[in-house]
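Asks: My questions will all concern the structure given below.
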Amino acid sequence: MSKLDLTRNFVPVKIAVLTISDTRSLKNDKSGDLLVSKITEAGHLLVKREITQDNIQKIKINLQQSIQDPDIDVVISTGGTGLTGRDVTPEAFRSIFDKEIEGFGEMFRYLSFQKIGTSTLQSRALAGVSGGTYLFALPGSPLACRDAWDDLLVHQLDYRHKPCNFVEIMPRLLEAGISGR
């Protein structure tokens with residue numbers, strides 16, 4: 001069972017939120033709004049928020065810019081993880097991963113199955129690391145974003161979370177074999 005080690009200090013993480021959609025704007029981006037709220041409520045730093053089209057090249061350019069930005073530790077995207085022809089987020093993400101975090105998608109679908117049953121089969125949520133930056137691709141549904149944050153990310157992006165978390169290994173992401181910034 002996981003828990004917080006309150007003898008450790010909270011370490012705020014610098015996060016970018018990327019909404020991937022042909023139809024959303026900052027005025028109607030409920031999933032992006034929810035993620036921004038969760039990120040700031042947890043004490044992390046929102047350093048960038050953007051919307052980009054469902055286009056592999058545009059997604060890759062945005063991700064690569066974020067990876068090269070020393071002020072961004074984590075990118076959390078929402079949208080484009082389904083099965084339609086325009087859903088290309090996983091393809092864009094995988095093309096730039098140094099390493100995929102397979103367990104994230106597996107765990108997301110496991111938790112989602114408990115809430116929406118077999119409909120979770122349509123989700124291609126995934127995560128990975130590139131250039132020392134964590135990349136998370138979440139579905140476009142506000143409920144899915146809430147579940148991903150509340151059940152997974154809030155814990156793994158908290159340095160105090162035990163027995164282990166993503167934050168404590170951040171300094172080691174650029175060890176030999178992984179491309180650097």
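Asks: It is to be established whether one or more residues within region 140-156 are more than 17 Å from Thr78 (Cα to Cα) and not polar (S, T, N, Q). Quick ask: steps written out before the conclusion?
Replies: The initial filter retains those residues of region 140-156 that are more than 17 Å from Thr78 (Cα to Cα), namely 155-156.
Still in the running and not polar (S, T, N, Q): 155.
Yes.
Asks: So which residues in region 108-130 are small (Gly, Ala, Ser) and more than 15 Å from the chain's Cα centre (by Cα), if there are any at all? Break it down stepwise before answering.
Replies: From region 108-130, those small (Gly, Ala, Ser) are 112, 117, 119, 123, 125, 127-128, 130; that's our starting set.
Once the filter is applied, which keeps residues that are small (Gly, Ala, Ser) and more than 15 Å from the chain's Cα centre (by Cα), region 108-130 yields Ser112, Gly117, Ser119.
Asks: Scan region 102-154 residue by residue and report those that are aliphatic (A, V, I, L, M), more than 21 Å from Asn165 (Cβ to Cβ) and crowded, with 20+ Cβ neighbours inside 10 Å.
Replies: The first filter runs over region 102-154 and keeps only residues aliphatic (A, V, I, L, M), leaving 107, 111, 116, 121, 125-127, 129, 135, 137-138, 143-144, 148, 152-154.
From what's left, more than 21 Å from Asn165 (Cβ to Cβ): 116, 121, 143-144.
Ala144, the sole residue that qualifies.
Asks: Here is a follow-up. For region 1-18, how many residues meet the condition of being touching a residue at least 40 places away in the same chain (Cβ under 8 Å), assigned to a loop (DSSP other than H, G, I, E, B) and not β-branched (Val, Ile, Thr)? I'd like the intermediate steps shown before the answer.
Replies: Taking region 1-18 first, the residues touching a residue at least 40 places away in the same chain (Cβ under 8 Å) are 2-6, 8-11, 13-18.
Checking the rest, the ones that are also assigned to a loop (DSSP other than H, G, I, E, B) come to 2, 5-6, 8-11, 13.
Still in the running and not β-branched (Val, Ile, Thr): 2, 5-6, 8-10.
Matching residues across region 1-18 total 6.
Asks: Out of Asp54, Asp69, Asp73, Asp87, I need the residue that is over 23 Å from Arg146 (Cα atoms) and acidic (Asp, Glu). Which one? It would help to see each step written out before you state the result.
Replies: Numbers: Asp54 fails: over 23 Å from Arg146 (Cα atoms); Asp73 fails: over 23 Å from Arg146 (Cα atoms); Asp87 fails: over 23 Å from Arg146 (Cα atoms).
That would be Asp69, the only listed residue that is over 23 Å from Arg146 (Cα atoms) and acidic (Asp, Glu).
Asks: For region 138-170, name all the residues that are among the aliphatic types (A, V, I, L, M) and farther than 16 Å from Leu111 by Cα.
Replies: So in region 138-170, the residues among the aliphatic types (A, V, I, L, M) come out as 138, 143-144, 148, 152-154, 157, 167, 169-170.
Correct list: Leu157, Val167, Ile169, Met170.
Asks: In the list Ile59, Ile15, Ile51, Ile20, which residue meets the criterion of being touching a Phe, Trp or Tyr at 6+ places or on another chain (Cβ under 8 Å) and of a type in the set (A, V, I, L, M, F, W, C)? Please lay out each step first, then the result.
Replies: Values: Ile15 fails: touching a Phe, Trp or Tyr at 6+ places or on another chain (Cβ under 8 Å); Ile51 fails: touching a Phe, Trp or Tyr at 6+ places or on another chain (Cβ under 8 Å); Ile20 fails: touching a Phe, Trp or Tyr at 6+ places or on another chain (Cβ under 8 Å).
Answer to the check: Ile59.
Asks: Does region 97-150 hold any residues that are free of Cβ contacts under 8 Å to residues at least 12 places away in the same chain, at negative phi and small (Gly, Ala, Ser), and which are they?
Replies: Gly103, Ser119
Asks: Counting only residues that are at pLDDT below 95 and of a type in the set (Lys, Arg), which one in region 16-58 is surrounded by the fewest Cβ atoms within 10 Å (Cβ to Cβ)?
Replies: Checking each candidate, the answer is Lys27.
Asks: Another one. For region 140-147, indicate whether the set of residues that are closer than 17 Å to Ile101 by Cα and either of a type in the set (A, V, I, L, M) or at pLDDT 95 or above (or both) is non-empty.
Replies: For region 140-147, residues closer than 17 Å to Ile101 by Cα and either of a type in the set (A, V, I, L, M) or at pLDDT 95 or above (or both): absent.
Asks: Only residues that are within 20 Å of Ile169 (Cα to Cα) and of a type in the set (Phe, Trp, Tyr): list them for region 102-148, please.
Replies: Answer for region 102-148, where residues must be within 20 Å of Ile169 (Cα to Cα) and of a type in the set (Phe, Trp, Tyr): Phe104, Tyr134, Phe136.
The values are calculated or read from the model by the stated rules, or taken from the named source; none is laboratory data. Predicted, not measured: the structure shown is a model, and the values here were computed from it. Neighbour counts are summed over all protein chains in view; Cβ atoms, including those assigned to glycine, are modelled from backbone coordinates with ideal geometry.
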